[in-house]
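Trainee: My questions all concern the structure below.
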Amino acid sequence: MRLPESIAAQWSRLRARPRPLLAADLLFWALLAGLLIALLAPLARGTMPPAQDFGGHLSMADIWARFDRQPLFREFFLLRADLSPNALHVRFVRLVYPLLSPLPALKLFFVGSLVGFVLAFLYVLHVFERSRWLVFPALVFLCWGNMVTLGLVNNVAIFPWMFLGVALSKRAAERATAPWFVALGVVLLLAYFSHGIAFGYAFAMALGIVVLHVRSARGLWSLASFAPAVSLWIWWIKSTQGRRDMPGTHFKDALNAPGTRILKPEEALIMFEREALELMVSHRRTVVVIVVLAAFVVGLALTVPLAARVHDKKLEGARAALRELHDLVSEHALLCMALCLSAGLLILPYELMGMPISPRLTTVVAVTWMLVPRVPPGSWRAAAPAAIGVIASVLWIRELRPMARALENEEYRPMRTLLERIPERGKRVTCVGARWVQPHDSYRQPLGHNCYGLAQVVADAFVGTPFALTDYNAVYFRPEVRDHVPDIENVGWATSSATLFWDYVLVRGDHPAPPTDRFARVDAVRYPAPGAPLWTLYRVDHGPTRAVGAQPTAGGPGGFAMRVLCAEGEEVRGLRVSSNASMLQGVRALCGRVEGGEVRATQPLGGTIGVDADLRCEAGRIVGLHGRAALMVDAAGPLCEAGAAVTDGPLAGGSGGHPFHLSCPPGKHVIGLTARAAALVDSLGPICEP
């Protein structure tokens, strides 16, 4: 059989290699494996990787994997299960679930993508006849570029396909055979499904290499390999036009839209310096980049010069001159690619409608420049840049380990410990005080999205991942709930309509504690180290629970759904209304026993910044609500029982909207209030006895 013979032949060739070459092979692979394990260990070990947006991607992957098993996911989210990009990582997690749970599965995908990036870089070195030892100067960029520190799992996933596409483009253009065409087409499709925006870079790089290396008309058939992926890409761009946070009909619409930012060339260079490795956070990282640059300079200095072209006669005509120019440029294809990518870094927008564009090029530019030195395979000249690259990797590892250890011990473990103490599954959990923190000299802000993602997978909870607000992601909110998931970090504790949406809140460090009348402290954990933050878990007090009856409402569909109930044996004996001259801003139920005595006010529905007025029936019990409303509630008051009749009680608020009367069934009284509200009251109604 062919396969065993092929393996045997390869083994024979390996044994026949001279001992010095075999020793060099073993040294290379052992050194590369050791450095890779050390560099990637912080991403694989511990509770969560020290990468900013990893938790958001974890949340989406978990929703994909358990969409049919968790009712809360189906209530709030939809899956983008068509041929749109940006979903390769979540599809992988869904494929291996339940063999692997979402967290280890996504870690495996993340680390696997980076290992694939290194292997693709090695293949490019091989195809373009560079020494494999040049991988070591690039290793820090390959494993810890800015897309890794940002935790953009889907963007990192395109890197191996991007560089594998560069190598296959050269092979397909030169050899012009069907297997190379098919391989290139498959790789470009995988690049498209990994990330839609970054696919544009992958397409441009592969196309440029094909154009520079075509040697025959048959080689032009390699352009057909681009058709499936490019067709899907164009379809995706057209299908996203007009969506929220996506460009409109023309590119110029996006350039003039809010959230678009174009940098000056000098600002783009500063951005590259800052974002390539987040090096300026500490002086040690500055040392690393100086060492990496030294390796690059040494590699250039040892580059083998091209043989001078000697011509026996003058070039005849423009065609021959163009052919000569084409050959010259193709010999320097990687240098041309590095220059073009660098120009893109300077020219492209920094952000397009809030989406990072040029920052996605920083790692690609850095790695491509590392391909430029022309050190041939087997040359001793690669020893110096390789040795300097190894030193840079070791310095980077020494920088990574204490940061990753501090994050694990002082942040992630306390978070997980508290989340495991939530007794119920399927609750609504959010994090406060962690989003914009940059602890322990870490990259970016690694706690915000990671807190959300960890809460979702550990507590089996709904966390309202902000990633679902972006229309090009693999998970998105249902239209009817998209704008109704409150963010306590933005609105604060005073907006009870926001806090009542949640069941538990995880609070970090010195962030102001929530009010004790609405939150009960469950537990707190602090790692025993100087300066370690205190993590505290609070349970939101939703008031008493009891059986309820009819719940008619008046008003509009905005705001967040919420309700308040009186305790068993009590009913609503009045309303405490906050209003201005034109609008109802908040309302509380005044609960008390039927026979009289003191009343207590519930938590407010809506805001509490208006003038308070207590509205009660002069005689009789409350059997409903009346007022005025349209898209908002303008005014409200109680409906009072007066013998067999029902009369309008006192009213507070404005004069807009249309009148409404909401009554309980005969013989039933009001035991609570239901509403949709945020800073104002969007809709309001009574909760009646069962």
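The values are calculated or read from the model by the stated rules, or taken from the named source; none is laboratory data. Note that the structure is predicted; figures quoted are calculated from it, not measured. Counting neighbours? That spans all protein chains shown, and the Cβs are built from the backbone with ideal geometry, glycine included. Surface accessibility is based on the protein's heavy atoms, side chains included, excluding ligands, DNA and RNA. Shrake-Rupley method; radii C 1.70, N 1.55, O 1.52, S 1.80 Å.
Trainee: Please specify each residue of region 40-91 satisfying the condition of being open to solvent by less than 20 Å² (accessible area, probe 1.4 Å), in contact with a strand residue (DSSP E or B) (Cβ under 9 Å, 6 or more places away or on another chain) and either of a type outside the set (A, V, I, L, M) or free of Cβ contacts under 8 Å to residues at least 12 places away in the same chain (or both).
Mentor: Result: Ser59, Trp64, Gln70, Phe73, Phe76, Phe77.
Trainee: Would you kindly identify the helices (runs of 4 or more DSSP H) lying entirely within region 93-193 that contain at least 3 residues that are under 23 Å from Leu220 (Cβ atoms)?
Mentor: 153-175
Trainee: Tell me, please, whether a residue that is modelled with pLDDT under 85, in a strand (DSSP E or B) and surrounded by 14 or more Cβ atoms within 10 Å (Cβ to Cβ) can be found in region 518-533.
Mentor: no
Trainee: Can you tell me which residue among Leu142, Leu122 is open to solvent by less than 10 Å² (accessible area, probe 1.4 Å), among the hydrophobic types (A, V, I, L, M, F, W, C) and under 29 Å from Ala206 (Cβ atoms)?
Mentor: Selected residue: Leu142, the only one of Leu142, Leu122 that is open to solvent by less than 10 Å² (accessible area, probe 1.4 Å), among the hydrophobic types (A, V, I, L, M, F, W, C) and under 29 Å from Ala206 (Cβ atoms).
Trainee: If you don't mind, there's one more thing I want to ask. It is to be established whether one or more residues within region 659-666 are outside any loop (DSSP other than H, G, I, E, B), of a type in the set (S, T, N, Q), open to solvent by less than 20 Å² (accessible area, probe 1.4 Å) and in contact (Cβ under 8 Å) with a residue 12 or more places away in the chain.
Mentor: Within region 659-666, none of the residues are outside any loop (DSSP other than H, G, I, E, B), of a type in the set (S, T, N, Q), open to solvent by less than 20 Å² (accessible area, probe 1.4 Å) and in contact (Cβ under 8 Å) with a residue 12 or more places away in the chain.
Trainee: Could you list, in sequence order, all residues of region 537-593 that are farther than 15 Å from Arg676 by Cα, of a type in the set (Ser, Thr, Tyr) and either assigned to a loop (DSSP other than H, G, I, E, B) or out of contact with any strand residue (DSSP E or B) (no Cβ under 6 Å at 6 or more places or on another chain) (or both)?
Mentor: Thr545, Ser582
Trainee: Now a separate question. Filter region 320-344 for residues that are among the aliphatic types (A, V, I, L, M) and farther than 19 Å from Val124 by Cα; which is modelled with the highest pLDDT?
Mentor: Across region 320-344, the extreme among qualifying residues is Ala343.
Trainee: While we're on this one: Can you tell me which residues in region 439-469 are surrounded by fewer than 21 Cβ atoms within 10 Å (Cβ to Cβ), more than 14 Å from the chain's Cα centre (by Cα) and not in a helix (DSSP H, G or I)?
Mentor: Listed by number, the list holds a single entry, Asp460.
Trainee: State which residue is nearest to Ala550 (Cα to Cα) when the search covers only region 604-623 and only residues that are touching a Ser or Thr at 6+ places or on another chain (Cβ under 9 Å) and buried (at least 24 other Cβ atoms within 10 Å of the Cβ).
Mentor: Val623
Trainee: Is at least one residue of region 669-683 in a strand (DSSP E or B), open to solvent by 20 Å² or more (accessible area, probe 1.4 Å) and more than 27 Å from Phe501 (Cβ to Cβ)?
Mentor: no
Trainee: So, in region 549-560, how many residues would count as being surrounded by fewer than 16 Cβ atoms within 10 Å (Cβ to Cβ) and closer than 18 Å to Gln603 by Cβ?
Mentor: Total meeting the criteria: 1.
Trainee: Of Pro512, Pro466, Pro479, which residue is farther than 18 Å from Pro414 by Cα and without any contact (Cβ under 8 Å) to a residue 12 or more places away in the chain?
Mentor: The conditions single out Pro479.
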